[in-house]
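Just so it is clear, none of the values below were taken in a lab; they were calculated from the coordinates. Remember, predicted model here, so these are calculated numbers, not experimental data. In this analysis, Cβ positions are derived from the backbone assuming ideal geometry, glycine residues included, and neighbour counts consider all displayed protein chains.
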Amino acid sequence: MIPVRLVLAVKDEQYIEPLLHYIRHSEFDRRFSVTAFSRKDAFLSYMESSRLFVDLVLAENTFLEAWLGDEGASHVPWIRLYEGGEDNIPGKSISKYQPLPLLLSAVLDYTRGGAGLQLSAEGRAIVIGVYSAMGGCGKTTVAIHLMKQLAEERRKAFYLNLETINSGILFEGQSLREGQNQVQGLARLLYDLKAAGERDEPLKQPLLAYAHRHPLLEGDTFALLDNMNEMLEMEHKDTVRLMDFIADSGLYDTIIVDVDSYPNARTEAVLEHCDKLVWLLADEWNVMRKNGLWLSHLERSDPSLFRKIMGKTLFAVNKCTGELAHAMPRPEMLAEVTLPNIPSWGEGARQGSLLHSPAFQKDMLRLCHSVCSGRPPIETGGTVQ
């Protein structure tokens, strides 16, 4: 994850200095990049020139009243520092005076959307997207190993492969195609979901009428589609409807979603609507370069979506032979986990079996726990103005 770019606006410098000192010398140093202001004019000037590069404003009433009158200011999320006895401004408020760990945890949770790896009160599963901006980085291998790790930790997980052309790692040599099983399959589910949506009513068939349990995954999934057009014709809303149906089924703790590297409606829906995103790179110069260009384009073209995606992203680098040989594409990015290069895997593996290496599995365990904890790995500092 990249750090939360926080703007703090408080009149009292004696409030600012202890807060920044605490951040620099605590675990929150890796979670926040703070720009702090005690003067209203400096704050307003900064927000006018730099608001596209701000994730959240944490400010007292007087700063908010001056700023919220500016055109476009409301596009940046904000939290009011509340002392009591003030006129109410609609929106999120938080007590100014409380233990700093509680204050910063609440701010972080608000910014990250509160997504952790546990069931919500409504029994909804957490959706984890696995993505890479280039093919050949080992995305499907990572997604499948995440499934296996979750199974070993007794989590109930569902593997949703939304690639246009499935890699076939799990299905080669097995009669697990639609039409060859007792279940109705993904194509039928997509049709039934669309029909139910047009009638404005919930789908009455249970999820298990369409899915099956895969012995290698130790979890549920869909059989391969017989017709590639079924995947090509999936729109953004179809993808969201499908993920929601699985997440709301009450059968799973976690959904692992494997998507195409190139942009399409399915990939865009997963990037926008997943709760957590594992973004995979490889320790290769061209991979780093292309990921950096992709991220820079996204930040320029849609800053709001950029912040949303990066706020829930953990970066992992595959095919490493030790220390990273190539720098991450942006200076504020750090790899949550580096995964070792296994030369024998590139020579062609026996299909229908799961690739295995103790060294790879050890680092996959770290990645799985990082996704579960939601603790971002970014180093950052703070400034006072």
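Which whole-Hz ³J(HN,Hα) couplings does the range 253-263 yield from phi under the Karplus relation 6.51 cos²θ - 1.76 cosθ + 1.60, θ = phi - 60°, glycine and proline marked x?
Result, ordered by residue: 8, 9, 10, 9, 10, 9, 10, 5, 6, 7, x Hz.
Taking amide H atoms as placed 1.01 Å from N in the peptide plane, list the residues 5 or more away in sequence, or in a different chain, whose amide H sits under 5 Å from that of PHE37.
So PHE37 has HN proximity to LEU8, ALA9, VAL10, GLN385.
What relative contact order, as a whole-number percentage, does the range 225-370 give when Cα pairs under 8 Å and 6 or more residues apart are counted? If you can, show how the numbers build up before the last one.
Values: 136 pairs, mean separation 26.1, N = 146.
So the answer I get is 18 percent.
Mind listing the long-range amide H neighbours of PHE158? Cut-off is under 5 Å, sequence gap 5 or more, other chains count too, H placed in the peptide plane at 1.01 Å from N.
THR254, ILE255, ILE256
What are the ³J(HN,Hα) couplings of the range 321-338, residue after residue, when phi is run through the Karplus curve with 6.51, -1.76, 1.60 and θ = phi - 60°? Round to Hz, x for glycine and proline.
After applying 6.51 cos²θ - 1.76 cosθ + 1.60, I find 10, x, 5, 4, 7, 10, 5, 4, x, 10, x, 8, 8, 10, 6, 5, 8, 10 Hz.
Can you figure out the FRET efficiency of GLU198 with GLU272, using R₀ = 22 Å and their beta-carbon distance, to the nearest 0.05?
Values: r = 23 Å, r/R0 = 1.05.
According to the calculation, E is roughly 0.45.
Figure the gain on full extension for SER105 and ASP248 (residue separation times 0.36 nm, minus the Cα-Cα span) and round it to one decimal in nm. Mind showing how you got there, number by number?
On the way: separation 143, 0.36 × 143 = 51.48 nm, distance 2.75 nm.
Stretched out fully, the SER105 to ASP248 stretch lengthens by 48.7 nm.
Taking 35 Å as R0, compute the FRET efficiency from the Cβ-Cβ separation of GLN205 and ASP302 and round it to 0.05. Intermediate results must be reported in sequence, preceding the final value.
Working: r = 37 Å, r/R0 = 1.04.
The value I calculate is 0.45.
Under the definition of Cα pairs under 8 Å and six or more residues apart, what whole-number percent is the relative contact order of the range 190-287? Don't jump to the answer; show the numbers that get you there.
Values: 54 pairs, mean separation 21.1, N = 98.
Dividing the mean separation by the residue count of the range 190-287 yields 21 percent.
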